[in-house]
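Peer 1: Have a look at this one before I ask anything.
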């Protein structure tokens, strides 16, 4: 059955119970997304044991069959609908022949295309709504697309079918984010979807920020040779909301996990620090779309391309640490740095920037764009930079 059959009778479906609770899951204890007035049109995505995953306006959630009117007609038309691959007029979703929806979605996520991945997975879920693996991956795609409430719903469904410690951890993280999130306003530009807190910036400042983001991405893309297939999700938050949502260390001011989040310090304008923080995370987003790269290269390039520099004193400190063996080889600096102590973070970031500075100094002819296109040279580059950092 193609997904078009799930939407054929959408216009015939509406909410029959006033103030019907739209929730993130099928249980009464699940988080409330919105209350829907009687007569509101509904588009069904898929069904789970008499509970329907629906889209109501801009909201996605779950409603029980008892809250819907026109369900019998919808079910009859769905059974009669011909099988097709996609809704009429929908953009094509690339898929690699012979790979499962999970494998295709995983590839799309690796190249920063969560919206396409989610479309592909929703198509698969229409035929296999109780597949815990599909629900898990759909939650990840929704989360990466900055649809946290939708992700929570998918992960709750997956846990109800087959408990998974990884899903439990993702669900806890998403629920923490949702509880801390105050970003109620959204602006879209050519390559960005910017969500922001009205208490942090005005609409005028947010428009200015989208312009800055477009400029910075163009500059960074020119240096690194990366492209964006979908709008990047960016969120501007207060520092307290950022720390609560991400669980990052106190020294952290920004994070990229498929989405860009930045704690804004200046008020009333897009200041130099805000620009620098977003530029730093844009480098991570740009590199993530080209493949998997070690933390030192991510952080070193993010600092350099956002305007950071090292003093001679810090270079000497890094070199002394490398000479004494206190600094691990670059090839081993690949862990997540978000929970490092302030002192360890300072040395790690300084080392990464020093290594990238040495790359630009001694491998200028080779070039960073060439390295990004030819990852097989990375081991050789790392060994050379390790040696230069010690001498």
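Peer 1: Would you mind calculating the relative contact order of the stretch 295-390 from Cα pairs under 8 angstrom and at least 6 residues apart, reporting the percent as a whole number?
Peer 2: 45
Peer 1: Where the centroid of each part is defined by its Cα atoms, how far is the stretch 158-194 from the stretch 117-140 in Å?
Peer 2: Value for the Cα centre distance between the two parts: 16 Å.
Peer 1: For the chain, modelled as a GNM with alpha-carbon contacts under 10 angstrom, which of 369, 239, 144 fluctuates the most?
Peer 2: 369
Peer 1: Please give the length that would be gained between residue 17 and residue 178 if that part of the chain were fully extended, namely 0.36 nm times their separation in residues minus their C-alpha to C-alpha distance (nm, one decimal).
Peer 2: Length gained, residue 17 through residue 178: 55.3 nm.
Peer 1: In deg cm²/dmol, rounded to 500, what helix-only [θ] at 222 nm does the chain give when every DSSP H run of at least 4 residues adds -39500 (n - 2.57) and the total is split over its residues? Before the final figure, lay out the partial values.
Peer 2: Details: 15 runs with 192 residues, N = 391.
It comes out at -15500 deg cm²/dmol, rounded to the nearest 500.
Peer 1: Right, here's the next one. Put a dot 7 Å past each Cα toward the Cβ at residue 204 and residue 110; how far apart are the dots in nm?
Peer 2: Each label point is offset 7 Å from its Cα along the Cβ direction, giving 4.7 nm.
Peer 1: Give me P(r) over the stretch 295-390, computed from all C-alpha to C-alpha distances, binned every 10 Å, as integer percentages.
Peer 2: Bins of 10 Å from zero give 15, 54, 28, 3 percent of pairs.
Peer 1: Continuing with the same structure: Taking 8 Å as the Cα distance limit and 6 or more residues as the minimum spacing, I'd like the relative contact order of the chain as a percentage. Walk me through the numbers before you get to the answer.
Peer 2: Working: 634 pairs, mean separation 42.7, N = 391.
This gives 11 percent for the chain.
Peer 1: OK, next. Given a 10 angstrom Cα cut-off, can you work out which residue in 63, 340, 118 is the most mobile in a GNM of the chain?
Peer 2: 340
Peer 1: Select from 142, 326, 302 the residue whose mean-square fluctuation is largest in a Gaussian network model of the chain (Cα-Cα springs shorter than 10 Å).
Peer 2: Among 142, 326, 302, the largest mean-square fluctuation in the Gaussian network model of the chain belongs to 326.
Peer 1: Same structure, new question: What number results when the radius of gyration of the chain, computed over Cα atoms, is divided by 2.2 N^0.38 Å?
Peer 2: 1.11
Peer 1: Give me the compactness ratio for the stretch 186-291, meaning the Cα radius of gyration over 2.2 N^0.38 Å.
Peer 2: Scaled against compact globular proteins, the figure is 0.99.
Peer 1: Measuring from label point to label point, each 7 Å out along Cα→Cβ, what is the residue 239 to residue 40 span in nm?
Peer 2: About 3.8 nm separates the two model spin labels.
Peer 1: With the cut-off at 19 Å, report for the stretch 91-179 the share of all Cα pairs above it, as a whole percent.
Peer 2: So the pairs more than 19 Å apart make up 34 percent of the total in the stretch 91-179.
Peer 1: Let me ask something additional. In percent, what relative contact order does the stretch 91-179 have, based on Cα pairs under 8 Å that are 6 or more apart in sequence?
Peer 2: That works out to 21 percent.
Peer 1: Hey, got the Cα dimensions of the stretch 315-364 along the principal axes, in Å, largest first?
Peer 2: Sorted from largest, the Cα extents of the stretch 315-364 read 33, 22, 17 Å.
Peer 1: Applying 1/(1 + (r/R0)^6) with R0 = 22 Å to the Cβ-Cβ distance of residue 188 and residue 266, what FRET efficiency is obtained, to the nearest 0.05?
Peer 2: Numbers: r = 23 Å, r/R0 = 1.04.
After rounding to 0.05, the efficiency reads 0.45.
Peer 1: Also, quick follow-up: By count of other Cβ within 10 Å, fewest leading, how are 109, 140 ordered?
Peer 2: Numbers: 109 20, 140 25.
The most exposed by this proxy come first: 109, 140.
Peer 1: How many angstrom lie between the C-alpha centres of the stretch 207-263 and the stretch 294-371?
Peer 2: 21
Just so you know, all these numbers are worked out from the coordinates, no wet-lab data involved. Fair warning: this is a prediction, and the values are worked out from it, not measured in the lab. Every residue, glycine as well, gets a Cβ built from its backbone with ideal geometry; the counts of neighbours run over all protein chains shown.
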